[in-house]
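Asker: Encoded as structure tokens, here's the structure I'll be asking about.
The values are calculated or read from the model by the stated rules, or taken from the named source; none is laboratory data. All of these numbers come straight from a predicted model, not from anything done at the bench. Cβ atoms come from the backbone with ideal geometry, glycine included; neighbour counts cover every protein chain shown.
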Amino acid sequence: MRIILTVIVILVPIITIAQSRIDSLFDIGDVHFENKELDKAIEVFTSLKSELEVGSSDFNFASDRIVNIYYHGKDDLRNQGEYLKSINYLEKLISLIESEKEHIRPMWINEKKYFLTKTIIQNYFSLGQIDKAKKFQDILYKAYNEKLLPDGIDLSYSFEMFKWKDKNIWGYEWFEKLPEDRMSKSFTKINYYVYNTHPDGVDNELLYRIHFLMFHKTSGKEDDYVMTLYKMLDDQEQSQTLWCYTYNEPIDYVKAKKDVIEILKGNLSPCFTDKKK
């Protein structure tokens, strides 16, 4: 009994000192993170993980910290216009989340992963490499069909953002398929939101919405969608159907963007008279 007590007396200070050191390293890592020294913070937490028992609460906490630090920098490269580097960064982050899913909070795999996937799609559209974006669009559509998408991306996702003069334009696509019964309801597949901007380039006021609205077919000869413009006039939202801009499923993204730019240029007058027969 005396031997056991002696061992306990010896071990308790050692364990206390070890835990104190671990807590200190967590604090050091957090200070680096707060100071935006992300590389140093990752280095501290990675080194700390190597000393911890796999699956322990401290190990899991360090794993989650590392993912959170990488996530914190998710938009930096995209905001700099480094779209390809941003894609590589985001793909590595998704791989990290998937490899560490047993040790990090569920929100990373159940929620954040899909928002990262959306940003990869935006990057490919910014590069004009729409064919490469399809792989990641398919990931979102599969998750939508399996009802896995979190709030904020469960009905639609932003596939594109571009600037035109002093305006920001955001393109959104709805996951729902074009209804077979074209008379059943109103349906929009793609929306573009047009904002003016603050001096720093951030969105300011929503000027108007451009909808790719389902054409209510009766004869089977009409196109699938017609562009419709929604804007505020005298504090009321007014809609204008632009008959010269029509589309079929699947919508041609390149043509859609070109047509939106024509609208931004103010090329509207022919659309009010050229209704398709």
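Asker: Tell me, yes or no, whether the range 157-165 has at least one residue that is in contact with a helix residue (DSSP H, G or I) (Cβ under 9 Å, 6 or more places away or on another chain) and in a helix (DSSP H, G or I).
Answerer: Step one: list which residues in the range 157-165 are in contact with a helix residue (DSSP H, G or I) (Cβ under 9 Å, 6 or more places away or on another chain), which gives 157-162, 164-165.
In the following step, the residues that additionally are in a helix (DSSP H, G or I) were identified as none.
Within the range 157-165, none of the residues are in contact with a helix residue (DSSP H, G or I) (Cβ under 9 Å, 6 or more places away or on another chain) and in a helix (DSSP H, G or I).
Asker: Would you confirm whether any residue within the range 170-186 is among the aliphatic types (A, V, I, L, M) and in contact with a helix residue (DSSP H, G or I) (Cβ under 8 Å, 6 or more places away or on another chain)?
Answerer: no
Asker: Count, please, the residues in the range 173-189 that happen to be of a type in the set (Phe, Trp, Tyr) and over 18 Å from residue 222 (Cα atoms). Before the answer, list the steps.
Answerer: First pass over the range 173-189, keeping only residues of a type in the set (Phe, Trp, Tyr): 174-175, 187.
Subsequent filtering for residues that are over 18 Å from residue 222 (Cα atoms) retains 174-175.
Count: 2.
Asker: Separate question: Do any helices (runs of 4 or more DSSP H) entirely within the range 1-85 hold 3 or more residues that are under 18 Å from residue 105 (Cα atoms), out of contact with any helix residue (DSSP H, G or I) (no Cβ under 7 Å at 6 or more places or on another chain) and modelled with pLDDT under 75, and if so, which?
Answerer: Here the list is empty.
Asker: Take the range 198-253 and flag every residue that is of a type in the set (D, E, K, R) and touching a strand residue (DSSP E or B) at 6+ places or on another chain (Cβ under 7 Å).
Answerer: Applying the first criterion (of a type in the set (D, E, K, R)) to the range 198-253 yields 200, 203, 205, 209, 217, 221-224, 231, 234-235, 237, 249, 252.
Those that are of a type in the set (D, E, K, R) and touching a strand residue (DSSP E or B) at 6+ places or on another chain (Cβ under 7 Å): 203, 205, 209, 223, 224, 231, 237.
Asker: Applying the selection to the range 96-149, what residues are within 22 Å of residue 79 (Cα to Cα) and of a type in the set (Gly, Ala, Ser)?
Answerer: Matches in the range 96-149: 126, 128, 133.
Asker: Return the total of residues in the range 191-210 being at pLDDT below 95 and surrounded by 17 or more Cβ atoms within 10 Å (Cβ to Cβ).
Answerer: 1
Asker: Within the range 249-274, how many residues are surrounded by 11 or more Cβ atoms within 10 Å (Cβ to Cβ), at pLDDT below 95 and in a loop (DSSP other than H, G, I, E, B)?
Answerer: Total satisfying the criteria: 4.
Asker: Just checking, how many residues over the range 106-145 are surrounded by 16 or more Cβ atoms within 10 Å (Cβ to Cβ), farther than 13 Å from residue 71 by Cα and of a type in the set (D, E, K, R)?
Answerer: Counting residues in the range 106-145 that are surrounded by 16 or more Cβ atoms within 10 Å (Cβ to Cβ), farther than 13 Å from residue 71 by Cα and of a type in the set (D, E, K, R) gives 1.
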